[in-house]
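Heads up, the thing below is written out as structure tokens.
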């Protein structure tokens, strides 16, 4: 798949720092024992305005007031995590394979990571789990545990993005509602106007200027943050760590959403209704039955947290 270059607008509200990030490069995370891999895009450190300005079309009250946020450099997966990748965690078929050139971010045993339960119904709801299709109907816990498993397997520290990191990466230097100007959203995203009520293989649309595909639409994406409608009103706070299962922030909108829900600043909250048809008691910690429109992508920090803090990104706090 060829990747075209796109112009990144220069805006006063965004300041991309120059320094050690000049040596900060994209890479591919290989997964030994399989032909699958994960392409990671280098997101440069910088400062931006989180949220949307008053008067933006579609703006909701929970998107303001805007606040200046400083973001350290990190890597983000070029594509949303697919069913093929998630099934490696689900089935644990490569756990026994020794990894050469393992990273040094983290040192935990892969067999010590809690695995998800095998799904009891078709969690794609008929949309398929084939080549390149984004995983859906996974809970935030399941997405986080995939990150923990991948970290243990590779030695590189992976996690879900914070809400601020997600928006910063999606904007790619823009302070407009979308990262592009004067183009059709359908060139970049699967959403209600063109999706035919289904997700699609990742990477079929144009990427944003920083090389991220499907950052808008296809499936919405989990973040680390607890949803708080007044979060931006709290001074100095731009991360709301998850303490309970609901509500949690998902970003980017999905194949079911209208265009306004795909804006860079748009926030959505997870709901218990997403397990409405779950017949189990208690209901699954790993799967939703009614949210095939929610998946995830992963990030890796330039500087991994201390070993004492690493598990804070993965342990469910319900």
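What follows is calculated from the coordinates using simple rules that are stated; it is not laboratory data. Being a predicted model, the structure only gives us computed values, none of them experimental. A quick note on method: Cβ atoms are made from the backbone with ideal geometry, for glycine too, and the neighbour counts reach across all protein chains shown.
Pull out a ≥ b ≥ c, the square roots of the eigenvalues of the alpha-carbon gyration tensor of the chain, then state rounded if a/c is under 1.5, prolate if not and a/b is larger than b/c, and oblate in the remaining case.
On the way: a/c = 1.37, a/b = 1.18, b/c = 1.16.
Note, shape of the chain comes out rounded.
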*Once you have a ≥ b ≥ c as the square roots of the Cα gyration tensor eigenvalues for region 40-199, tell me rounded if a/c is under 1.5, and otherwise prolate or oblate according to whether a/b is larger than b/c.*
oblate
*Taking neighbour counts of Cβ atoms within 10 Å as a proxy for exposure, in what order, fewest first, do 200, 288 appear?*
200, 288
*For 38, 118, what's the fewest-to-most ordering of other Cβ within 10 Å of each Cβ?*
118, 38
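Ranked by Cβ crowding within 10 angstrom, fewest neighbours first, how are 267, 277, 283 ordered?
Working: 267 23, 277 11, 283 17.
Listed from fewest to most nearby Cβ atoms, that is 277, 283, 267.
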*In a Gaussian network model over the chain where Cα atoms closer than 10 Å are linked, find which of 57, 71, 43 has the largest mean-square fluctuation.*
57
*With label points built 7 Å along Cα→Cβ from the Cα atoms of residue 28 and residue 61, find their separation and express it in nm.*
4.9 nm
*asked:* Per 0.36 nm of contour for each residue apart, how much would the distance between residue 204 and residue 307 grow if the chain were fully extended, relative to their Cα-Cα spacing?
replied: 33.3 nm
*Which FRET efficiency value, to the nearest 0.05, is calculated for residue 233 and residue 92 with the Förster distance at 45 angstrom and r the Cβ-Cβ distance?*
0.55
*Distance from the Cα centre of region 226-301 to that of region 86-104, in angstrom?*
28 Å
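Could you tell me whether region 66-132 comes out rounded, prolate or oblate from its Cα gyration tensor? Rule is a ≥ b ≥ c as square roots of the eigenvalues, rounded for a/c under 1.5, then prolate if a/b exceeds b/c, otherwise oblate.
oblate
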*What is the calculated FRET efficiency for residue 107 to residue 35, with r their C-beta to C-beta distance and R₀ = 45 Å, to the nearest 0.05?*
0.95
